[in-house]
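Asker: Here it is: the structure, laid out below.
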Amino acid sequence: MLTGEKTILEETVRNRVAFWAPLAEDQQRNTAVDIPRSATEVSVPAGDLEAAVDALLGNVFAHTPEGTAYSIRVSVTATHAEIVFSDAGPGLSSEMVTLRGSSTAGSTGLGLDIVRKTAAAARGELNIGASADGGARFTVVLPIT
């Protein structure tokens, strides 16, 4: 549901990446971060966007071996913003891509359900696919306000 609350996308993502950085360092994960210094408003409450980013970053740590590299990239066009989370882990089978957001063995599906609902509430979407490194790629697309 749209609440009218707006959040600065880049600042929120940057803060969550910084929160997870000590764990990434402890697990010797190479982290590539590409977040512009712009200030793009999206119609997502700050807490919801934080929960969505945390869910996707948490999935990297929960579902890939220590030492697995990952990246976070934010890009903005005239109409929308994208947050792309990619990892070099084992990836997702096509069946798992279809089932994401559902409970399966070893996973509740809750994290991706949070991301999907957050994006949908802002009239955006979550796209799931393979990363260039053969791992998973999650793209959150949000309209800009």
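Asker: How big is the Kirkwood radius of segment 7-143, worked out from every pair of different alpha carbons and given in Å to one decimal?
Answerer: Averaging 1/r across every pair of different Cα atoms and inverting gives 14.9 Å.
Asker: Exposed loop sites here are GluC sites (Glu not before Pro) in DSSP loop states with at most 15 other C-beta atoms within 10 Å. What is the longest stretch of the chain lacking them?
Answerer: It works out to 67-145.
Asker: So for the pair ASN30, ARG123, with labels modelled 7 Å out along Cα→Cβ, what separation do we get in nm?
Answerer: Using points 7 Å along Cα→Cβ, the separation is 4.1 nm.
Asker: May I pose another question? How would VAL33, VAL44 line up from fewest to most surrounding beta-carbon atoms within 10 angstrom?
Answerer: Sorted ascending by nearby Cβ count, the order is VAL33, VAL44.
Asker: What number comes out for the charge environment of SER86, summing +1 per Lys or Arg and -1 per Asp or Glu over other residues with Cβ under 9 Å away?
Answerer: Residues near SER86 contribute 0 overall.
Asker: A further question on this structure: Put a dot 7 Å past each Cα toward the Cβ at LEU110 and ALA39; how far apart are the dots in nm?
Answerer: A separation of 3.5 nm, rounded to one decimal place.
Asker: Return the calculated 222 nm mean residue ellipticity for the chain, to the nearest 500 deg cm²/dmol, obtained by summing -39500 (n - 2.57) across DSSP H runs with n ≥ 4 and dividing by the residue count.
Answerer: The helix contribution divided over the chain gives -12000 deg cm²/dmol.
Asker: What's the local net charge at VAL33, with K and R +1, D and E -1, over the other residues with C-beta under 15 Å away?
Answerer: Taking every Cβ under 15 Å from that of VAL33, the sum is -1.
Asker: GLU5: net charge of surrounding residues, Cβ under 12 Å, Lys/Arg +1, Asp/Glu -1, itself excluded?
Answerer: -1
Asker: If I take every Cα pair under 8 Å that is 6 or more residues apart in segment 7-143, average their sequence separation and divide by the length, what percent do I get for the relative contact order?
Answerer: 25 percent.
Asker: First measure r as the distance between the Cβ atoms of ASN15 and SER93, then evaluate 1/(1 + (r/R0)^6) with R0 = 41 Å and state the FRET efficiency to the nearest 0.05.
Answerer: Calculated transfer efficiency: 0.80.
Computed from the coordinates by the stated procedures, all read-outs in this text should not be read as laboratory data. It should be emphasised that the depicted structure is a prediction, and the values quoted were computed from it without experimental measurement. Cβ: placed from backbone, ideal geometry, glycine included. Neighbour counts: every protein chain shown.
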